[in-house]
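The block underneath contains the structure these notes are about, expressed in structure tokens.
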Amino acid sequence: MTTTIDAPNGREGQLNSGNLSKLAIRLGAFAAFAGIVIYFAIAARGFTSPFNLTNIVEQSTILGLLAFGVTVVFIGTGTDVQRGGIDLSIAANAGLCAAVYAVLMRQGFGDAVSIVAAIATGMIIGLLNGLAVVTLRIIPLLATLAVMNIAAGLELVLTENTVIPVQSPLLQVIAFGRFLGISTLAWCFIVISVLLIWALQYSPLGLRLYAVGGHHEAARAAGIRTGRYVYAAYIFAGFMAGVTSILIVSRLSASTTGTGLMLLPILAAALLGTVFSRRFIPTIGGTLLAALFIGVLANGFQLLGISSYWVAGVQGVLILCVVAMTSFAKRD
Amino acid sequence: MTQAAIEMHGVNKTFGPVRALMDANLVVHPGTIHGLVGQNGAGKSTIIKVLAGIYKRDSGTVRVHGQELDAITPAAIEACGVHFIHQDRLLVPTATVAEAIFLRNEPHIGPFINYRQMNKRATELLKRYFDLDLDPRTLISELSTAKQKIVQITRALANDAKVLVLDEPTAALVSKEVSSLFAVLRRLKADNLAIIFISHYMSEIDEICDVVTVLRNGSDVGVVTPAEAGIEAIVQMMTNRDTSEMYPRRDVTIGEPVLSVNGLTLAGHFRDVSLEVRAGEILGITGLLGSGDKELVSTLFGQSVPDRGEIVLNGKPVSFRSPVQAVRHGIAKIPEDRRAHGVATGLSVGENIALASLDQMSGWGFVNTRTEAAKTEALIKELGIKTPDRHTMVKNLSGGNQQKVVVAKWLSCDSQVYLLDEPTVAVDVGAKVEIYNLMNRLASEGKALIFLSSDLEEIVEMCDRVLVIYRGALIGEYQRGEIDADRLLAAASGAQMEQEGRSA
């Protein structure tokens, strides 16, 4: 050969600097988390009390479980959160499921039927997302926004925009029960996290879902039926909305309006979670940490007497920062 | 004779009016490296995609190890032990090496992936086949192109491949990597694998292939042994086409140099390129995929900023930092991918034509619609663009007519240098001739044309002078009549250098 083109080798140096900036962002995220916890421990009275710490975990449970739903969608539709998929409907979906559950309970159907109906509702909404994104090929941002409105509208139809109080022995157990000193709500968080960490991080299924999201064509070339995986991811997000809706009702002893407002913190948690992973991809562990992080923020602000309205602003800033940082790190 | 690994007989495939495969046959035996060659559009990638189950064949039979396959799906063909190493490295960038190798075939204990076993086996496979010490936990995105290619092949081997299809495997490799890839292929051949090897590089075909199937215009025109037939014969089989009255003649006196380039370099793409093009001249540039030809032309158009070298226009050095500046200096480009760069398909024919020359058609911030109408109508008529009227949306036109709209767009702005990047790709023969006529007309008006094409016949017939670019460097210059398509192909694919190397 008379000429050699040095393109293949020339790229490796850049990749290294990319890795370095990734590492810096990742360590920075951990440091920020630790720093904020330490700051609250010193500045906010009662932050480190066992009661408050359990409270944080419980507050983070609902946020975290719904964020798991979005995380699975992120994993299956593109680890690049900007071009990939998203599920904007999940919070509204949880509100609808809670309404279905509450209305059926009021009509005297009992826990078993009502819970199954609530979860089925969530999964149907998930199926609708899958239909819109996979079969109809509408861009996920728009498709799930539309589905979000469908879910929110149905919730209003069912509840007529009122609070529907619900009582049942099961809800009592979820809301006030404890086992080994840990509340039922926290147990739900732990058990579901462990199951999902296995399913996504340690099972063949999880690896394939990551492959579908990581490089759609490559996954297809490896013989994976990619459409089914994306469908499944959306249906799973709906399933999580259904399950979480029961916890929401138990915590408030009612179905209330306004569940849809949780969308921002859910997205913040799922996006922030990517910063905690080595490969900058959504992981259950990362989302778990991020949900706790946001829970700590909200709790600390409360204890310091800062208006809770600020929390929403901080979450918005977090989303912007995370998306900017991850896409910046990936650009190298 | 042993049982053939792959037998494809009488395969047909059409895309709309285009017949991509016509009764094509391909028979590959175990323990051989089987070359598949042909010019662009000869049907190489179509026949492979039919085998891979990406395209459905219209008719014909496909047998794998004697077993007839009706409908092929990617999963089914892989289950038969046929694995494809695609040209674009289809790997998940966020996966590790081990994960990429064992995707869909993960070693597991119960419901858990056995990562220890997976990493161990990945390490062993890479060591055994490639003698490569690579941490299996490295992310794909951190690997060089060559190593990604190796991971793809390892993946096929881990899945017990019996047939390996490599589509342009060396396109992104440097020569040392190519020779180690060849060593691996020879070892796999000794293990009785059947290997289908697709390459534009004739020297590689000569070096590695036992048998070669030559495709031309969608049919197989011969199965030969390179060692016996020789490269020249294969090249001739590839190009031997009926050159009827497709190429109109012109009579032009070539004038002064308009555009010249000295020592132009764009790192990673081309280096030290010097050329000049004169008024009334059509200068052809040809090279293989990835040879740097496209980057050269887009650099002349200001789409990339060169690292070194100068561009001289009408005797004055110029430098373009954007296409806008190039257009202001009277340079026009007709891009290959007209959907992406050439036309706004949502706008009307008239609007598209006017787009490049709005300045000349407007005053005081308003488009002079009467001037626009007159000018565009004239061009539509002149170029024979088949459209109901100038208000029709471009997306409703055929490919050839869309291309003519692109040409018209640049004609209307009266440039002095025209860069044409594969202007006749995917247009029918009739439209091709009209585009050739246009090129001749431009030349006769004293314009300078740089014509990029991988259709060698077209290059030979249309150009006053042809430059050959190979791996980023200009390696040959031929005057009209000095070269035919066969020799040009040999030059562009490096066969000539190979032979010079041998005789030296």
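The values are calculated or read from the model by the stated rules, or taken from the named source; none is laboratory data. Note that this is a predicted model, so its numbers are computed, not measured. Here the Cβ is made from the backbone with ideal geometry for all residues, glycine too, and neighbour counts use every protein chain on show. Ligands, DNA and RNA are excluded from the accessible area calculation, which covers all protein heavy atoms including side chains. Shrake-Rupley method; radii C 1.70, N 1.55, O 1.52, S 1.80 Å.
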A:Tyr202 being more than 8 Å from every other protein chain (Cβ to nearest Cβ) and either under 14 Å from B:Phe102 (Cα atoms) or among the aromatic types (Phe, Trp, Tyr) (or both): no
Members of the range B:46-57 found to be under 24 Å from B:Val151 (Cβ atoms) and open to solvent by 50 Å² or more (accessible area, probe 1.4 Å), listed by number: B:Lys49, B:Ile54
Residue, farthest from the other protein chains (Cβ to nearest Cβ), within the range B:58-94, restricted to residues that are open to solvent by 40 Å² or more (accessible area, probe 1.4 Å), farther than 30 Å from A:Gln201 by Cα and without any contact (Cβ under 8 Å) to a residue 12 or more places away in the chain: B:Glu68
Residue in the range A:131-147 that is open to solvent by less than 10 Å² (accessible area, probe 1.4 Å), at pLDDT 90 or above and touching a Ser or Thr at 6+ places or on another chain (Cβ under 7 Å) present: yes
Helices (runs of 4 or more DSSP H) lying entirely in the range B:394-504 (those with 3 or more residues that are within 14 Å of chain A (Cβ to nearest Cβ) and either open to solvent by 10 Å² or more (accessible area, probe 1.4 Å) or at pLDDT 80 or above (or both)): B:495-503
Criterion violated by B:Met246 - all others in (1) at pLDDT 85 or above; (2) open to solvent by less than 50 Å² (accessible area, probe 1.4 Å) satisfied: (1)
Residues of the range B:45-97 classified as among the β-branched types (Val, Ile, Thr) and at positive phi, total: 0
Any pair with Cβ under 9 angstrom, 6 or more apart, that starts in the range B:138-153 at a residue that is within 10 Å of B:Ile85 (Cα to Cα) and more than 7 Å from chain A (Cβ to nearest Cβ) and ends at one that is open to solvent by less than 10 Å² (accessible area, probe 1.4 Å) and among the polar types (S, T, N, Q): B:Lys149/B:Thr170
Selection count where residues are touching a strand residue (DSSP E or B) at 6+ places or on another chain (Cβ under 7 Å) and open to solvent by 20 Å² or more (accessible area, probe 1.4 Å), scope the range B:264-310: 14
Residues of the range B:149-187 satisfying the condition of being of a type in the set (S, T, N, Q) and either buried (at least 20 other Cβ atoms within 10 Å of the Cβ) or modelled with pLDDT of 85 or more (or both): B:Gln152, B:Thr154, B:Thr170
Residues located in the range B:101-110, provided they are open to solvent by 10 Å² or more (accessible area, probe 1.4 Å) and more than 8 Å from chain A (Cβ to nearest Cβ): B:Asn105, B:Pro107, B:Ile109, B:Gly110
Those helices (runs of 4 or more DSSP H) lying entirely in the range A:184-277 with at least 2 residues open to solvent by 40 Å² or more (accessible area, probe 1.4 Å): A:184-197, A:204-214, A:216-221, A:226-252
Identity of the residue in the range B:370-388, more than 17 Å from B:Asn437 (Cα to Cα) and in a helix (DSSP H, G or I), that ends up most open to solvent (accessible area, probe 1.4 Å): B:Arg370
Qualifying residue in the range B:355-363 (condition: of a type in the set (S, T, N, Q), surrounded by 15 or more Cβ atoms within 10 Å (Cβ to Cβ) and modelled with pLDDT of 75 or more): no
